[in-house]
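Q: Below is one structure. I have some questions about it.
The values are calculated or read from the model by the stated rules, or taken from the named source; none is laboratory data. Remember, it's a predicted structure, so these values are computed and weren't measured experimentally. Note that we place each Cβ from the backbone using ideal geometry, even for glycine, and neighbour counts take in every protein chain shown.
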Amino acid sequence: MALSREIYQALEDIVGKRNISEDIGVCETYRSIPSQSSAHYGPSEHWTPLPQAVIMPGSTEEVQNIIRICNKYGIEFKASTTFWATMGYIGSDYAIQLDMRRMKSVEIDVKNMTAIVEPFAVAATVQAEAMKVGLNLNIPGVGCSSSTLASTAGWAGFGPASIFMGASPENLLSAEWVLPNGEVLRTGSLGSGDGWFCGEGPGPSTRGILRGIFGPAGSMGVCTKIAVRLHPWPGPADFPTRGTIPAYKADMGDNFKCYTLCFPDWQSWARSVQYFHESDVLYIGHRQFTMFGRNLKAAMLRIITDPDKQLCDLPTLLEDEEIKKQNESMKLDYQIVIAGMTERDMEYKEKAVDEILAQTGGWKNEMMLEKDMHDFALLYLLRLGHKNLNYVMCGAYEGTFGLSGNVWKTIQVVEDAVKIKRDWEINYDHIAATGGDSAMGGTSALGGGGWTGWEFFTNFDAYDKESVRGTCKFIDGNQEFQTKHGFGPDFCRWNADVRHMNGYNYTQEEHDEIFKNAPQPLVYAYQYKIREVVNPNNLCGSYLRTLTPSKAK
Amino acid sequence: MALKDFRPMMERCSTCTHCKFIPFDKIKSIRFAENCPSIGYYNFNTYSARGRFQLAQSILDGRTDLNETVTETIHSCTSCGACDVTCKVCRYNLEPLEHNIELKAYAVENGKVLEGQKPVIENLKKENTMIPKAKKANRIDWAKDLNLKDLFKEKAEVCFFAGCKYSYDEKLQKIAQNTVKLLQSAGVDLGYLGAADNCCAGRAKQMGFFEEFDNSANNNIKAFQKSGVKTIVTPCSDCYHAFKRQYAKLGLEVEVLHIVEYVDKLIQEGKIKFTKSVPMTVTYHDPCHLGRLGEDYIPWEGKEKKILNQIHTWEPRRPRYNGAYGIYDAPRNILEAIPGLKLVEMERIREYSWCCGAGGGCNVSNPEFSQWTAGERVTEANATGADAMVTACPWCKDNFLDAVDENGNKIEVLDIIELVRQAM
């Protein structure tokens with residue numbers, strides 16, 4: 001059902017002719033195909049539905065007016081910014097897509113160590129503005145191309161620096177939130193006219209409702225502006241980059257060091273992580289480069305740090321004895337960055353790292369200590385500007401398994417997961433053969449430590465439909481492992497209960513069938529009640545997991 | 001390649017948003033973080049490289065037709081290649097720029113062109129120039145009294161190729177004349193094609209008019225070959241790119257140098273000496289077709305080969321054009337050699353420079369968009385506090401001349417040769 005002329009005109013009157021389109025060509029470019037890039041939804045060959053129009057608001061008031069029109073006429077709406085993940089797209093045929101691109105301001109409040117950001121301010125730009133005044137922010141693992149507002153207000157948002165800065169749930173302060181019914185709610189201190197500095201109050205404390213731990217993925221209206229907590233940045237006002245594209249590097253001086261720490265076994269690995277959680281010396285802790293696979297990571301690091309190398313150099317590099325030696329050294333590893341706030345602080349942190357290595361039998365990988373390699377890895381981890389290397393090998397990937405939780409539990413089963421993936425790589429050709437272990441993720445997804453967030457990078461070819469279908473089979477098989485070990489849904493199926501694989505929303509009846517059997521069904525019934533209040537017409541898709549209260553056991 | 005041959009790229013694009021920004025490691029502020037004029041001006045995702053992949057896919061799949069909006073979208077791309085550079089920070093198997101131009105060619109093949117493009121292409125066919133209303137008969141008027149050798153009558157070491165903009169634009173002709181005088185005074189044995197001097201048609205290629213480009217290029221290659229040209233020196237970045245990259249694909253085997261490369265060499269050899277101070281602070285604008293698109297052409301024929309099950313490689317090794325080896329240092333060397341001159345850099349430079357807005361013929365087909373793009377660059381130049389913006393391309397210079405920044409201010413725009421002459 002196309003929008004009536006009356007509705008379209010009403011929307012056009014809000015944003016102006018230039019900022020709305022129902023042209024088929026424009027609308028077609030606002031669809032997601034989850035085989036190319038889904039984020040927690042799994043490969044699928046179905047496009048999300050075609051929006052009836054795409055609209056680009058330029059202010060909170062315009063967002064409010066658009067939502068009022070949607071409520072008046074029963075039109076689903078969903079706001080998105082970078083249009084990377086499927087969760088940002090609409091899920092029904094009678095829906096409009098809000099593209100928040102026109103709203104991209106960043107305001108840094110140095111005194112209160114906060115950034116007040118609009119939706120299209122991506123993390124790289126927020127960080128660039130914060131660095132000028134000695135501050136920094138948690139950038140989620142997906143990279144600095146992500147919207148800071150979307151990841152902070154709408155999704156999990158943990159990343160390499162979360163051990164020092166915390167993840168999104170901890171960094172969201174006040175928010176200007178246009179509820180799905182069109183009302184504006186100013187949360188935390190903003191709600192009482194006291195500025196943006198606090199998410200809890202004085203004023204309405206709604207952080208738990210607005211985002212909880214994982215965030216509502218755009219299903220609870222539109223945040224038009226939020227404040228995020230900033231953290232100390234003891235570095236220069238901008239990155240002193242050098243090198244030839246794409247192998248940019250940065251010499252950050254003596255108060256930044258990046259090490260790849262390696263261990264003889266998983267027990268030692270986990271003990272070192274625990275010690276780091278307890279010692280509070282890390283700026284960044286992340287198992288990053290294993291995303292290329294246990295067998296390929298040293299060779300891939302050589303390729304991506306040399307502007308003249310390409311993927312076709314892999315076979316030769318893999319035969320190189322030195323590369324084999326480095327791969328073996330880095331088999332059970334993770335990367336850390338320490339940042340000295342003072343010279344003494346840096347000395348202390350260096351000593352702490354060495355002591356933890358001594359106590360756990362670990363070592364620093366020597367290849368990663370080479371000047372160029374060090375400066376590349378350091379820049380990579382501080383800005384996360386090369387995160388699209390996630391896709392470098394095949395063009396598509398999914399994070400699978402998802403061994404997220406207590407590190408001591410994770411390490412008990414990690415090699416079993418490695419074997420499952422490695423067997424699949426050997427027996428089938430659907431996914432890239434990278435060595436089984438491709439577990440990437442933070443050494444802590446919480447500030448201070450305590451919870452890992454791992455995914456096994458599984459690379460496949462979205463153009464090759466056999467590869468896509470084979471990858472789906474691999475993922476479905478992994479679910480048995482996940483369930484058996486109590487890890488819940490496979491990482492790339494996290495959103496499979498909030499959007500059908502054909503791209504459409506779940507109905508409430510379907511959600512009732514799913515969530516009535518959940519371990520804690522009242523959580524979903526509670527969310528249903530919240531939705532009733534703020535989203536009475538249920539217009540933002542089915543990413544909010546809800547259960548009709550009468551169906552709760 | 002035809003549009004359908006780009007389908008693997010359309011389906012392997014990871015929708016990552018990198019194509020809308022300069023390389024993330026290089027971002028210094030939110031104000032100058034973006035790289036694509038097209039999405040910068042029009043805002044819809046459709047105008048980004050990712051959007052263009054998706055638009056093309058929907059056209060090939062029959063979900064979208066070449067309606068008026070789609071046609072305008074396709075042609076509203078300056079072909080500047082900024083998306084291409086950023087995409088390739090992390091990807092080895094996508095060619096967004098090549099695809100954007102192929103999509104234009106698809107529209108052209110289907111008769112879908114913009115009104116503003118018609119007089120440009122018609123004049124290319126009729127008068128051998130892409131300057132509307134210009135006449136072939138007047139093409140070499142600018143070269144009168146310069147004692148340039150006609151290479152069809154006598155031999156010379158170097159063929160000077162001014163290009164349409166310098167040849168016809170009265171504001172710019174003096175720069176071409178001074179360039180010739182500069183080279184002659186440095187003892188360069190200089191000639192030109194005389195009556196056989198015609199448009200390089202590189203901009204026709206950028207606009208998707210492949211047939212018109214091929215016709216012009218093949219005629220020009222014959223002229224170069226017949227006149228025995230060994231080295232071409234041009235002050236125009238579009239001509240430079242056309243000869244160095246596009247003509248090379250068609251078989252032109254001559255040395256191609258931009259004037260900045262040649263002057264840099266002459267300075268190093270002591271054949272150009274500066275005697276006057278030029279007490280100015282300037283900022284340098286890297287022309288797209290000299291910088292990121294100015295890399296050498298490397299012949300390649302091969303096919304995709306998967307290794308380790310699904311990893312994409314090419315057999316044999318495929319050349320990678322990502323702006324790494326464009327012409328960036330030569331103009332800066334010249335500016336730094338000028339006594340009294342101070343160079344201050346903008347935030348977006350070298351391979352991630354912002355486009356002037358004239359590329360892809362957008363200065364004639366989409367003038368408002370083109371001027372907005374130029375204005376963005378003037379804003380960036382003024383933010384450096386420079387007295388003037390220097391460039392090495394007549395299309396850039398011309399587009400900047402009328403542009404104003406976000407506060408309505410202009411900036412003095414100089415061709416690098418103007419500064420060189422001032423210092424002599």
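Q: Within region B:264-303, track down each residue that is in a strand (DSSP E or B) and touching a residue at least 40 places away in the same chain (Cβ under 8 Å).
A: Answer for region B:264-303, where residues must be in a strand (DSSP E or B) and touching a residue at least 40 places away in the same chain (Cβ under 8 Å): B:Thr281, B:Val282, B:Thr283, B:Tyr284.
Q: Just to be sure I understand, how many residues within region B:334-354 are among the β-branched types (Val, Ile, Thr) and in contact with a strand residue (DSSP E or B) (Cβ under 8 Å, 6 or more places away or on another chain)?
A: The qualifying residues number 2.
Q: One residue is enough: does region B:99-112 have a residue meeting the conditions facing chain A (nearest Cβ under 8 Å) and crowded, with 24+ Cβ neighbours inside 10 Å?
A: No: zero hits.
Q: Anything in region A:98-126 that is crowded, with 24+ Cβ neighbours inside 10 Å, polar (S, T, N, Q) and within 9 Å of another protein chain (Cβ to nearest Cβ)? List them, or say none.
A: A:Thr125, the sole residue that qualifies.
Q: What residue, among those in region B:26-49 that are free of Cβ contacts under 8 Å to residues at least 24 places away in the same chain and assigned to a helix (DSSP H, G or I), is surrounded by the fewest Cβ atoms within 10 Å (Cβ to Cβ)?
A: If we take residues in region B:26-49 being free of Cβ contacts under 8 Å to residues at least 24 places away in the same chain and assigned to a helix (DSSP H, G or I), then B:Ile39 is surrounded by the fewest Cβ atoms within 10 Å (Cβ to Cβ).
Q: Inspect all residues belonging to region B:332-350 and state whether any of them is touching a Ser or Thr at 6+ places or on another chain (Cβ under 6 Å), part of a loop (DSSP other than H, G, I, E, B) and crowded, with 20+ Cβ neighbours inside 10 Å.
A: Yes - at least one qualifying residue is present in region B:332-350.
Q: Could you check A:Pro160 against (1) within 14 Å of another protein chain (Cβ to nearest Cβ); (2) out of contact with any Phe, Trp or Tyr (no Cβ under 7 Å at 6 or more places or on another chain) and say which number it fails?
A: Every condition holds for A:Pro160 apart from (1).
Q: If you don't mind, another one. Just to be sure, is B:Cys13 touching a helix residue (DSSP H, G or I) at 6+ places or on another chain (Cβ under 9 Å), at the interface with another protein chain (Cβ under 9 Å from one of its Cβ atoms), touching a residue at least 60 places away in the same chain (Cβ under 8 Å) and surrounded by fewer than 24 Cβ atoms within 10 Å (Cβ to Cβ)?
A: When the stated conditions are applied, B:Cys13 does not pass them.
Q: Which residues, counting only those in region B:55-88, are within 11 Å of chain A (Cβ to nearest Cβ) and among the polar types (S, T, N, Q)?
A: B:Gln57, B:Ser58, B:Thr64, B:Asn67, B:Thr69, B:Thr71, B:Thr73, B:Thr86 - these are the residues of region B:55-88 that are within 11 Å of chain A (Cβ to nearest Cβ) and among the polar types (S, T, N, Q).
Q: Taking the stated definitions as given, is A:Thr60 more than 26 Å from B:Thr73 (Cα to Cα), more than 10 Å from chain B (Cβ to nearest Cβ) and among the hydroxyl-bearing types (Ser, Thr, Tyr)?
A: So A:Thr60 fits the description; yes.
Q: Let me ask you something else. Would you confirm whether or not region A:438-456 contains a residue that is within 11 Å of chain B (Cβ to nearest Cβ), within 23 Å of the chain's Cα centre (by Cα) and under 22 Å from A:Gly159 (Cβ atoms)?
A: No; the residues of region A:438-456 include none that is within 11 Å of chain B (Cβ to nearest Cβ), within 23 Å of the chain's Cα centre (by Cα) and under 22 Å from A:Gly159 (Cβ atoms).
Q: From the list B:Arg52, B:Arg91, which residue is in a loop (DSSP other than H, G, I, E, B) and within 10 Å of chain A (Cβ to nearest Cβ)?
A: Criteria check complete, one pass: B:Arg91.
Q: Let me ask you something else. Taking interchain pairs and intrachain pairs at least six residues apart, which have beta carbon atoms under 8 angstrom, with the first residue in region A:205-229 and touching a residue at least 60 places away in the same chain (Cβ under 8 Å) and the second among the acidic types (Asp, Glu)?
A: Correct list of pairs: A:Cys223/A:Glu176; A:Thr224/A:Glu118; A:Thr224/A:Glu176; A:Lys225/A:Glu118; A:Lys225/A:Glu176; A:Ile226/A:Glu176; A:Ala227/A:Asp109; A:Arg229/A:Glu170.
Q: Of the residues that sit in region B:139-165 and are buried (at least 20 other Cβ atoms within 10 Å of the Cβ) and of a type in the set (Phe, Trp, Tyr), which one is nearest to B:Val188 (Cα to Cα)?
A: B:Phe160
Q: A further question follows. Can you name every residue in region B:323-380 that is small (Gly, Ala, Ser) and within 14 Å of chain A (Cβ to nearest Cβ)?
A: Once the filter is applied, which keeps residues that are small (Gly, Ala, Ser) and within 14 Å of chain A (Cβ to nearest Cβ), region B:323-380 yields B:Gly323, B:Ala324, B:Gly326, B:Ser353.
Q: Just name the residue that is surrounded by the most Cβ atoms within 10 Å (Cβ to Cβ) out of those in region B:384-424 that are free of Cβ contacts under 8 Å to residues at least 40 places away in the same chain and outside any loop (DSSP other than H, G, I, E, B).
A: So, considering only residues that are free of Cβ contacts under 8 Å to residues at least 40 places away in the same chain and outside any loop (DSSP other than H, G, I, E, B), the one surrounded by the most Cβ atoms within 10 Å (Cβ to Cβ) is B:Val413.
Q: Please return the ranges of helices (runs of 4 or more DSSP H) entirely within region A:153-261 where 3 or more residues are modelled with pLDDT of 90 or more, in contact with a strand residue (DSSP E or B) (Cβ under 7 Å, 6 or more places away or on another chain) and closer than 28 Å to A:Gln288 by Cα.
A: A:162-165
Q: Go through (1) surrounded by fewer than 16 Cβ atoms within 10 Å (Cβ to Cβ); (2) part of a loop (DSSP other than H, G, I, E, B) one by one and return the number of the condition A:Lys309 breaks.
A: (1)
Q: State yes or no: is B:Cys19 buried (at least 22 other Cβ atoms within 10 Å of the Cβ), more than 9 Å from chain A (Cβ to nearest Cβ) and part of a loop (DSSP other than H, G, I, E, B)?
A: So B:Cys19 fails the test.
Q: Name every residue in region A:77-97 that is more than 13 Å from every other protein chain (Cβ to nearest Cβ) and either surrounded by 23 or more Cβ atoms within 10 Å (Cβ to Cβ) or farther than 26 Å from A:Phe214 by Cβ (or both), in order of residue number.
A: The answer is A:Phe77, A:Lys78, A:Ala79, A:Ile90, A:Gly91, A:Asp93, A:Tyr94, A:Ala95, A:Ile96.
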